[in-house]
Amino acid sequence: MIVDVVASSGSMIVVSNRLPFVLKRTKDGKLIRKASAGGLVTAVAPVVINGNGLWVGWPGIHLEDPNEPIPESDPSDITPTSGLKSNKVVAVRIDPLIFDSYYNGCCNATFWPLFHSMPDRATFKREHWKSYVKANKEFAECTMEALKSLPRVPNEVPLIWIHDYHLMLAANWIRQAAEDLEINCKLGFFLHIPFPPWDIFRLFPWSDEILQGMLGCDMVGFHITDYCLNFVDCCQRNLGCRVDRKNLLVEHGGRTVRVRPLPIGIPFDRFVELAEKAPRVFSTNQKIILGVDRLDYTKGLVHRLRAFEKLLENYPEHIEKVSLLQISVPSRTDVKEYQDLKEEMDQLVGRINGQFTTPNWSPIRYIYGCVSQDELAAFYRDAAVGLVTPLRDGMNLVAKEFVACQINIPPGVLIVSPFAGAGETMHEALISNPYEIDDASEVIHRALTMPEDERILRMNYLRRREKLNDVDYWTKSFLSAMGSLLTQEDHDDIG
Ligand code: ADQ
């Protein structure tokens with residue numbers, strides 16, 4: 001049962017690498033806020049605002065003056081974070097060189113590829129690790145300041161919710177500092193990317209420290225059970241912890257840590273509303289296959305283009321009838337691997353279009369940029385096929401946004417990679433292994449030729465599940481799992 005945990009247990013402190021908005025400096029030196037509107041922010045911000053909470057994170061800019069105040073949101077801002085007053089925000093300040101080596105180095109050049117099971121792309125540098133330790137300490141200290149500032153209410157225990165691979169060490173320091181000061185709190189962690197199997201994880205030279213950091217929490221959440229089992233396995237094999245695989249428990253430092261699969265959802269109703277309002281975007285009768293991704297090597301974009309090319313070679317009946325619309329938002333553009341990927345994509349799109357384009361038709365339409373939420377909803381709604389084929393992905397929200405917007409009857413078809421968390425939970429999608437180009441092209445053909453009644457049946461199930469398990473449900477599930485710790489702690493025991 002989902003309960004109103006924050007109301008019953010006290011306030012919440014959210015800790016994430018980024019605050020739910022970024023600060024920008026205008027030409028005249030004034031600091032202003034720029035809102036972010038992702039699903040996570042939409043779901044978590046109200047809990048912080050309504051539950052007397054605080055949000056600890058880096059503000060997106062290096063602030064030199066430690067006393068410079070955080071500005072309030074602009075009166076025209078109608079995003080969920082507009083209610084987050086500056087006194088509810090703790091901006092973490094980190095030396096720019098340390099930040100660069102922590103964020104671009106350890107987080108994005110080591111953990112990102114390693115946790116996506118791509119160790120060949122990972123770099124292991126002692127300097128980056130040292131910066132990661134320093135940055136995590138900084139976040140932990142800021143969180144402690146936030147915790148100390150909360151009013152102490154009898155029988156209420158503040159919850160601290162730490163997000164993602166940037167902050168895997170912080171929990172342990174927070175726990176120790178809180179214990180020293182005799183401040184009661186409960187700590188939870190959620191990892192948004194996959195947790196890799198032991199033989200990959202142990203390649204990281206300081207893997208013990210990572211596990212010890214995460215085990216500073218009372219509960220550790222992942223998208224799916226496989227990642228939970230990987231984590232439990234690593235705790236046993238790296239640290240020698242006693243574990244209970246069935247109940248997903250790890251014993252560490254005299255405490256029992258719960259591990260839970262908590263698949264993230266999207267703001268389903270908001271996407272439906274957008275899809276209902278958005279004007280038509282495609283002027284032709286051609287069927288559109290849609291891909292929407294950050295331009296990242298984990299998303300399988302090169303494999304996807306090759307599968308589409310194979311489709312045109314093997315099934316020429318789709319020529320002039322089907323186009324692939326690939327929308328890729330620029331990401332980590334100052335990193336060489338990402339620049340190389342952009343180059344490869346540009347060349348591949350050029351080559352395939354050069355080979356197949358006719359006077360009336362081009363096979364690939366490629367947008368390198370961000371599109372608005374309204375436009376995105378219209379693309380999702382009017383596409384015949386949603387192609388979500390990452391090589392590895394924690395969950396993948398695009399698959400969920402696509403089905404939410406599929407309000408036309410008959411609907412389109414979703415294709416998902418089995419290597420995304422979404423492939424584990426969205427059972428009625430067509431599953432396609434992106435590494436096997438021939439098979440991937442067959443699956444696209446199957447989607448394009450699927451009978452209407454099968455499309456309706458599959459999409460109905462997919463939509464029903466995502467509506468029920470939306471992002472609010474996810475937030476409440478997390479809080480509920482944390483909250484039940486307050487009363488059931490004594491029962492968690494590895495027998
Ligand atoms: P990401 O790797 O960023 O998230 P994803 O879950 O697909 O991946 O979310 C991307 C978001 O960006 C979606 O909401 C999508 O609408 C938006 N987006 C992508 N391309 C866009 C474009 N061109 N224009 C506008 N918007 C665009 C990480 C993990 C995922 C996990 C999420 C949440 O890597 O596996 O699902 O966190 O936990």
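Nothing in this text is a laboratory measurement; each read-out follows from the coordinates by a stated rule. The shown structure was predicted, so the numbers you read here are calculated from the model rather than taken from an experiment. Cβ coordinates were reconstructed from backbone atoms using ideal geometry, including for glycine residues, and neighbour counts include every protein chain displayed.
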TODO: Using amide H atoms built 1.01 Å from N in the peptide plane, name the residues 5+ places from Leu391, or on other chains, whose amide H lies under 5 Å from its own.
DONE: Lys299, Gly300
Task: Degrees between helix 301-314 axis and first principal axis of the chain (Cα, 0 to 90, nearest 10) - done: 20
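Among residues other than Gly421 whose Cβ falls under 9 Å from its Cβ, what is the net charge (Lys/Arg +1, Asp/Glu -1)? Show your work: numbers first, answer last.
Working: positive: none; negative: Asp226, Asp393, Glu424.
Surrounding charge for Gly421 is -3.
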- [ ] Name the long-range amide H neighbours of Leu262: under 5 Å, sequence gap of 5 or more, or other chain; modelled H, no Pro or chain starts.
- [x] Phe222, His223, Ile224
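With r as the distance between the Cβ atoms of Val153 and Glu344 and R0 = 60 Å, compute the FRET efficiency 1/(1 + (r/R0)^6) and round to 0.05.
Computed FRET efficiency for Glu344 and Val153: 0.60.
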Task: Listed residue (Leu325, Ala109, Leu312) projecting farthest to the positive dipole end of the chain, Cβ model - done: Leu325
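How large is the helix-only mean residue ellipticity at 222 nm for the chain, computed as the sum of -39500 (n - 2.57) over DSSP H runs with n ≥ 4, divided by its residue count, in deg cm²/dmol to the nearest 500?
On the way: 19 runs with 203 residues, N = 495.
Taken over the chain, the calculation gives -12500 deg cm²/dmol.
Find how much the distance from Trp198 to Cys370 grows on full extension, using 0.36 nm per residue of separation minus their present alpha carbon separation; answer in nm with one decimal. Write out the running numbers ahead of the final one.
On the way: separation 172, 0.36 × 172 = 61.92 nm, distance 3.62 nm.
Working it through step by step, the gained length comes to 58.3 nm.
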Task: Net charge of neighbours whose Cβ lies under 13 Å from the Cβ of Asn314, counting Lys and Arg as +1 and Asp and Glu as -1 - done: -3
- [ ] Read phi for every residue in region 46-62 and hand back ³J(HN,Hα) as whole Hz from Karplus 6.51 cos²θ - 1.76 cosθ + 1.60, θ = phi - 60°, with x for Gly and Pro.
- [x] x, 5, 5, 5, 7, x, 6, x, 9, 10, 9, x, 7, x, x, 8, 8
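Determine the relative contact order of the chain: mean sequence separation of Cα pairs under 8 Å and six or more apart, normalised by residue count, in whole percent. Intermediate results must be reported in sequence, preceding the final value.
On the way: 943 pairs, mean separation 69.6, N = 495.
Here the relative contact order equals 14 percent.
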- [ ] Restrict the search to region 70-147; then list the GluC sites (Glu not before Pro) that DSSP places in a loop and that have at most 16 other Cβ atoms within 10 Å of their Cβ.
- [x] Glu72
Task: Segment Thr26-Lys134, length gained on full extension (0.36 nm per residue, minus Cα span) - done: 35.9 nm
Task: Estimated inter-spin distance, Ser362 and Glu182, nm [label 7 Å along Cα→Cβ] - done: 7.0
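Magnitude of the Cβ-charge dipole of region 69-223, K/R +1 and D/E -1, about the Cα centre, nearest 20 debye?
Numbers: 14 positive and 19 negative charges, 28 e Å.
Using only the charged Cβ atoms, the result is roughly 140 debye.
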Open item on the list: Suppose R0 equals 22 Å. What FRET efficiency, 1/(1 + (r/R0)^6) with r the Cβ-Cβ distance, do Asn353 and Thr284 give to the nearest 0.05?
Closed with: 0.85
TODO: Just the Kirkwood number for the chain, please: inverse of mean 1/r across all distinct Cα pairs, in Å, one decimal.
DONE: 23.9
TODO: Of the DSSP beta bridges with both residues in the chain, give the percent that are antiparallel, rounding to the nearest 5.
DONE: 20
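Note the direction-averaged projected area, equal to a quarter of the hull surface, for the Cα convex hull of region 1-152, in nm².
Details: hull surface 46.4 nm².
Dividing the Cα hull surface by four gives the mean projection, 11.6 nm².
Among the trypsin sites (Lys or Arg not before Pro) in region 135-186, which ones are in a DSSP loop with at most 14 other Cβ atoms within 10 Å of the Cβ? Mind listing them?
On the way: sites: Lys137, Lys148, Arg152, Arg175, Lys186; in loops: Arg152.
Of the trypsin sites (Lys or Arg not before Pro), the ones in loops of region 135-186 whose Cβ has at most 14 other Cβ atoms within 10 Å are Arg152.
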